[in-house]
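Scroll down for the structure; my scribbles are underneath it.
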Amino acid sequence: MTAVHQQAHKIANTNIPVLLLGEGGTGKEALARWIHSQSGYAKGQFIKVNCAALPGTLLESELFGYEQGAFTGTLTCKPGRVELAHNGTLFLDEISELEMTMQSKILHFLQDGCYSRIGDEGTRSVNTRVICATNKDLEAAIAGGKFREDLYYRINVVRLRLPRLCERKEDIPELAEYFRILHQQRFAMESMPLSAEIIEYLQNANWPGNVRELSNGMARHVLIGPEAMIGREATSGRKSARPRITGIVGQVPLKRIAKAAIQELERNVILESLRAHHWNRRKTAAALQISYRALIYKIRDAGLISRRPTRPGILSSENSTQ
């Protein structure tokens, strides 16, 4: 993320097109808005267009606008998003979803900044910064005949790739705390600080929904409590502990498979019990009818908490009830 920020800072005050790549929820729109705020176009509007939300004909009128009488029943003219982005930034989200006819029109607009409203024979021009984003592989789309190669090179002057949240786990504690405070202000509610166990759990999750999913989890934490903050979404992408089987059928290590399956089942039971008891380990140990020492060993062995002692100053749900 430091590298992404450094590159974005270098090109922010230019007017060259930028292509943002990354999975859904990684923060492409947030980065686009930051680039806009740091550019010479910051005094203009930031206009977002979701290219996947509308079919081609409707998208064309939304982008370029239309004149009175262009369609049956149109009694007034309407400026398009391109026109609204004059001296500002036009953000084309999910550009990979554009139909081929619209790709051609976008390419023409990017070449010289000129366009025509639907029903207008005249040509208009705007001065706008264009930022595009997608979660698809555009090079594969080009190979499949679904995306124009010339448009790709037009928008791909500077390319910034945003990593998945599971690739930047060291950022999760700071992000989680940021969203906790943000949602406290949003809902005008207080919430429990994040315990070391919760932080460790968040860092071990795969987060298929990335930063957006983490934000939703912290909203649940503020509204309902720690037990609701960790939803099943965070573990939906977690790979099971099944060992990789190699070799012929007669050499399958059944004992190793059985051991791994038992460990995964035990881990899931412990995790569910920890959730049910608000991560209070003594209550969890009592519910599972094992000693506190045995529970500590098992949850550390399963990677559910840090092997380091709880940091001073961090309130855990267990400490608050003892």
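The values are calculated or read from the model by the stated rules, or taken from the named source; none is laboratory data. This structure is a prediction, so every number in the text was calculated from the model and none was measured. Counting neighbours? That spans all protein chains shown, and the Cβs are built from the backbone with ideal geometry, glycine included. Just the protein is used for accessible areas: all its heavy atoms, side chains included, with ligands, DNA and RNA removed. Shrake-Rupley method; radii C 1.70, N 1.55, O 1.52, S 1.80 Å.
Computed quantities for the displayed model
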item	result
Breaking point among (1) part of a strand (DSSP E or B); (2) out of contact with any Cys (no Cβ under 9 Å at 6 or more places or on another chain); (3) of a type in the set (A, V, I, L, M), for Leu92	(2)
Identity of the residue in the stretch 166-213, of a type in the set (A, V, I, L, M, F, W, C), over 16 Å from the mean Cα position of the chain (by Cα) and crowded, with 16+ Cβ neighbours inside 10 Å, that ends up nearest to Met1 (Cα to Cα)	Ile199
The listed residue being under 26 Å from the mean Cα position of the chain (by Cα), over 23 Å from Gln111 (Cβ atoms) and without any contact (Cβ under 8 Å) to a residue 24 or more places away in the chain, out of Lys28, Lys10	Lys10
Some residue of the stretch 157-165 being exposed (fewer than 14 other Cβ atoms within 10 Å of the Cβ) and part of a loop (DSSP other than H, G, I, E, B)	yes
Long-range neighbours under 7 Å by Cβ, at least six apart or interchain, first residue over 22 Å from Leu20 (Cβ atoms) within the stretch 95-120, second hydroxyl-bearing (Ser, Thr, Tyr) and in a strand (DSSP E or B)	Cys114/Ser125; Arg117/Tyr66; Ile118/Tyr66; Gly119/Tyr66
Gly119 being modelled with pLDDT of 95 or more and not hydrophobic (A, V, I, L, M, F, W, C)	no
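Let's see how each residue does on (1) within 18 Å of Ala228 (Cβ to Cβ); (2) in contact (Cβ under 8 Å) with a residue 12 or more places away in the chain:
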{"site": "Arg154", "(1), (2)": "no, yes"}
{"site": "Val158", "(1), (2)": "no, yes"}
{"site": "Arg161", "(1), (2)": "no, yes"}
{"site": "Asp171", "(1), (2)": "no, yes"}
{"site": "Tyr178", "(1), (2)": "no, no"}
{"site": "Glu197", "(1), (2)": "yes, yes"}
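Rundown of residues vs (1) open to solvent by less than 20 Å² (accessible area, probe 1.4 Å); (2) assigned to a loop (DSSP other than H, G, I, E, B); (3) in contact with a strand residue (DSSP E or B) (Cβ under 9 Å, 6 or more places away or on another chain), yes/no style:
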{"position": "Glu23", "(1), (2), (3)": "no, yes, no"}
{"position": "Glu29", "(1), (2), (3)": "no, no, yes"}
{"position": "Ile35", "(1), (2), (3)": "yes, no, yes"}
{"position": "Tyr41", "(1), (2), (3)": "no, yes, yes"}
{"position": "Ala52", "(1), (2), (3)": "no, yes, yes"}
{"position": "Leu59", "(1), (2), (3)": "yes, no, yes"}
